[in-house]
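Peer 1: Mind having a look at this structure? Questions to follow.
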Amino acid sequence: MKSYVLPEFWVDRDDYRCIRCGVCVNQCSYDTHYYDPEDDVVRAREERCTGCQRCAVFCPTNALTIRTHPYEYRPNANWRKENIRDLNRQADTGGVVLTGMGNDKPLRIYWDHLVLNASQVTNPSIDPLREPMELDTFLGAKPDQVDVTCGRVQGSLPPQIHLSTPIMFSAMSYGAVSYQAQLSMMRAAGEYGTLANTGEGGWRRELRVYGASTIVQVASGRFGVDRSYLNEAAMVEIKIGQGAKPGIGGHLPGEKVTPPVAETRMIPVGTDALSPAPQHDIYSIEDLSMLIYALKEATHYEKPVAVKISAVHNAAAIASGIVRAGADVVVLDGIRGGTGAAPKIIRDNVGIPIELALAAVDQRLREEGIRSRASVVVAGGFRNSGDVIKAIALGADAVYIGTPALVAIGCTVCQKCYTGKCPWGITAADPRLGKRINPDIATQRLVNLLRGWSFEIKEMLGGMGINAIESLRGNRLHLRGVGLAEWELEVLGVKGAGR
């Protein structure tokens with residue numbers, strides 16, 4: 001049956017520059033390019049192009065330009081090209097339209113409507129190059145007061161995780177990302193003094209040497225979960241939901257379940273890895289409490305236990321229940337959170353922005369007097385260090401980053417992660433494609449990213465006259481809103497600029 005889906009991208013090849021070297025043919029994992037020996041020319045099957053730009057990057061003569069296909073339908077504000085394309089894809093297949101990465105719709109990005117305060121005369125700024133500036137962050141429950149005698153804390157404290165920067169690598173499971181990508185993130189986390197999350201896909205034995213810098217997940221599918229899995233990590237995270245697909249569980253397409261992935265997840269090769277939407281251990285806060293304490297028992301009360309939920313309209317009430325159930329960390333994942341595979345209709349229409357959820361949760365926990373009983377970590381659409389520092393001022397202890405880490409090692413956000421054919425090797429199922437990532441280079445790029453963002457955070461703190469990230473946490477007086485409605489300012493708990 002002839003497909004009515006037109007190509008998304010236009011492959012423009014300068015025949016004068018093209019030397020028929022075949023680099024584009026070899027680099028494209030979607031078989032977009034092919035050599036025609038009869039005419040001695042390289043051609044393109046444009047309907048296969050995903051716009052990943054790898055062929056253009058590696059073309060030795062810069063003969064290729066990949067751009068959005070110029071075809072147009074009759075202009076219609078309600079029936080845009082994307083809507084018609086998705087309908088035609090479903091008419092072709094009769095299935096659910098899948099996609100990768102996070103929500104790409106023009107929802108309001110509140111970080112861009114929040115600005116930071118700065119020191120001027122009465123509160124002098126601080127030069128981070130000349131004066132100590134602390135980004136040290138501790139995750140875990142904290143007592144309301146401690147007894148200090150002769151400079152020593154008396155009694156025992158709940159388990160704490162020390163981070164050298166308030167930035168961690170988000171949950172990206174083996175299978176959703178390649179072995180090389182996951183290895184690079186764990187190595188970089190260890191080198192910089194932060195954490196990387198295994199996601200819900202188990203944990204390869206050879207990666208457990210990075211246990212001190214690793215968070216393991218316990219999701220409804222319980223892939224790879226056993227006692228050693230829990231005890232060899234620094235922290236355990238119960239995954240109930242994620243921002244890209246709230247309420248529907250996890251899904252790794254069968255074409256990405258290769259023998260190593262199947263072995264790690266303890267499932268048959270080639271079968272879809274499904275985490276049920278409901279976590280059958282949890283039908284109430286009491287059930288959640290039992291699971292939290294079961295995990296604490298299994299880890300001898302030595303590791304913080306986190307609970308991750310999607311950002312939804314009643315996230316504040318849920319977070320309150322999570323803290324009262326005994327969790328040490330509450331993780332919120334917003335509507336712009338990325339994923340390896342999600343129904344496009346879910347990703348783009350379910351959930352709320354992380355900024356609003358974070359403000360509501362922090363405010364609720366403070367009003368109930370339980371904010372110190374758990375740390376709050378947020379995820380979903382962080383693009384730069386400015387977003388991070390604003391999140392901390394809104395009440396977060398730390399943030400997870402996913403897409404920025406992948407972009408640092410080559411991702412161009414083409415949103416085809418679910419195919420397993422990532423030309424950059426990041427979300428590839430084929431081990432030959434995975435080898436396109438050099439873990440040494442990728443690790444260094446990730447460390448550079450953390451270092452660069454941390455330097456920028458210190459510069460901004462210095463400009464505000466603050467010498468420790470702890471002093472900014474939840475201090476919304478350092479934020480002002482620009483171009484926001486009164487109800488938005490009220491939810492965020494910030495004043496309008498000029499006030």
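Peer 1: Can you pull out the helices (runs of 4 or more DSSP H) entirely within the stretch 270-357 that have at least 1 residues that are at pLDDT below 95 and within 21 Å of the chain's Cα centre (by Cα)?
Peer 2: Hits in the stretch 270-357: 344-349.
Peer 1: Something else about it: When you go through LEU446, LEU489 one by one, which is the residue that is surrounded by 13 or more Cβ atoms within 10 Å (Cβ to Cβ) and under 30 Å from GLY420 (Cα atoms)?
Peer 2: Result of the check over LEU446, LEU489: LEU446.
Peer 1: Also, I was wondering about something else. Can you work out which of the residues in the stretch 456-486 that are among the small types (Gly, Ala, Ser) and at negative phi is surrounded by the fewest Cβ atoms within 10 Å (Cβ to Cβ)?
Peer 2: Once the filter is applied, the top-ranked residue is ALA485.
Peer 1: Look at TYR16 and say whether it is assigned to a strand (DSSP E or B), over 31 Å from the mean Cα position of the chain (by Cα) and over 21 Å from PRO70 (Cβ atoms).
Peer 2: no
Peer 1: Within the stretch 385-401, is there a residue that is under 25 Å from MET172 (Cβ atoms), at pLDDT 95 or above and among the aromatic types (Phe, Trp, Tyr)?
Peer 2: yes
Peer 1: Scan the stretch 366-392 residue by residue and report those that are under 26 Å from LEU157 (Cβ atoms) and in a helix (DSSP H, G or I).
Peer 2: Of everything in the stretch 366-392, those that are under 26 Å from LEU157 (Cβ atoms) and in a helix (DSSP H, G or I) turn out to be ARG366, GLU367, ARG371, SER372, ARG373, ALA391, ILE392.
Peer 1: Next question. Say we look at the stretch 188-212 and pick out the residues that are among the hydroxyl-bearing types (Ser, Thr, Tyr) and out of contact with any strand residue (DSSP E or B) (no Cβ under 6 Å at 6 or more places or on another chain); which of these is surrounded by the fewest Cβ atoms within 10 Å (Cβ to Cβ)?
Peer 2: Out of the qualifying residues, it is TYR192.
Peer 1: Of the residues GLU134, GLU200, which single one is over 20 Å from the mean Cα position of the chain (by Cα) and among the charged types (D, E, K, R)?
Peer 2: Within the list GLU134, GLU200, the selection yields GLU134.
Peer 1: Sort out which residues of the stretch 98-141 are among the small types (Gly, Ala, Ser) and farther than 30 Å from GLY326 by Cα, and write them in order of number.
Peer 2: Result: GLY100, GLY102, ALA118, SER119, SER125.
Peer 1: On the given criteria, is ALA408 under 20 Å from ALA468 (Cα atoms) and touching a Leu at 6+ places or on another chain (Cβ under 9 Å)?
Peer 2: no
Peer 1: Let me ask something additional. For VAL413, all conditions in the list (1) surrounded by 23 or more Cβ atoms within 10 Å (Cβ to Cβ); (2) within 19 Å of the chain's Cα centre (by Cα); (3) within 26 Å of TYR30 (Cβ to Cβ) hold save one; what is the number of the exception?
Peer 2: Result: VAL413 passes all but (1).
Peer 1: Of all residues in the stretch 132-155 being loosely packed, with under 10 Cβ neighbours inside 10 Å and in contact (Cβ under 8 Å) with a residue 24 or more places away in the chain, which is nearest to MET464 (Cα to Cα)?
Peer 2: Once the filter is applied, the top-ranked residue is PRO132.
Peer 1: Oh, and also: Which members of the stretch 56-79 meet the condition of being without any contact (Cβ under 8 Å) to a residue 12 or more places away in the chain and of a type in the set (Gly, Ala, Ser)?
Peer 2: Across the stretch 56-79, the qualifying residues are ALA56, ALA77.
Peer 1: Would you tally the residues in the stretch 461-499 being of a type in the set (A, V, I, L, M) and part of a helix (DSSP H, G or I)?
Peer 2: Number of matching residues: 8.
Peer 1: Let me ask something additional. Please find, among ALA341, ALA315, the residue that is under 21 Å from ALA244 (Cα atoms) and in contact with a Cys (Cβ under 8 Å, 6 or more places away or on another chain).
Peer 2: Exactly one of ALA341, ALA315 is under 21 Å from ALA244 (Cα atoms) and in contact with a Cys (Cβ under 8 Å, 6 or more places away or on another chain), namely ALA341.
Peer 1: Okay, next question. So which residues in the stretch 20-47 are under 19 Å from TYR418 (Cβ atoms) and either surrounded by 16 or more Cβ atoms within 10 Å (Cβ to Cβ) or touching a residue at least 60 places away in the same chain (Cβ under 8 Å) (or both), if there are any at all?
Peer 2: If the condition is that a residue be under 19 Å from TYR418 (Cβ atoms) and either surrounded by 16 or more Cβ atoms within 10 Å (Cβ to Cβ) or touching a residue at least 60 places away in the same chain (Cβ under 8 Å) (or both), then CYS28, SER29, TYR30, THR32 are the ones that fit.
Peer 1: Taking the condition of being among the charged types (D, E, K, R) and within 21 Å of ARG432 (Cα to Cα), how many residues in the stretch 21-41 meet it?
Peer 2: 1
Peer 1: Now for a separate question. In this structure, does ALA244 turn out to be more than 22 Å from ARG432 (Cα to Cα) and crowded, with 23+ Cβ neighbours inside 10 Å?
Peer 2: Yes, satisfied.
Peer 1: Within the stretch 53-68, how many residues turn out to be touching a helix residue (DSSP H, G or I) at 6+ places or on another chain (Cβ under 7 Å) and surrounded by 13 or more Cβ atoms within 10 Å (Cβ to Cβ)?
Peer 2: 7
Peer 1: Scan ASP104, ASP127 and give me the residue that is assigned to a loop (DSSP other than H, G, I, E, B), outside the structural domain of GLY250 (by TED's automatic domain parsing) and over 30 Å from ILE352 (Cβ atoms).
Peer 2: Exactly one of ASP104, ASP127 is assigned to a loop (DSSP other than H, G, I, E, B), outside the structural domain of GLY250 (by TED's automatic domain parsing) and over 30 Å from ILE352 (Cβ atoms), namely ASP127.
Peer 1: Let me confirm something: among ASP387, ASP397, which residue is surrounded by 21 or more Cβ atoms within 10 Å (Cβ to Cβ), charged (D, E, K, R) and either under 15 Å from the mean Cα position of the chain (by Cα) or within 30 Å of GLU8 (Cβ to Cβ) (or both)?
Peer 2: Going through ASP387, ASP397 in turn, the sole match is ASP387.
The values are calculated or read from the model by the stated rules, or taken from the named source; none is laboratory data. Values in this document were obtained by computation on a predicted structure and should not be read as measured data. Glycine also receives a Cβ, built like all others from the backbone with ideal geometry; neighbour counts cover every protein chain displayed.
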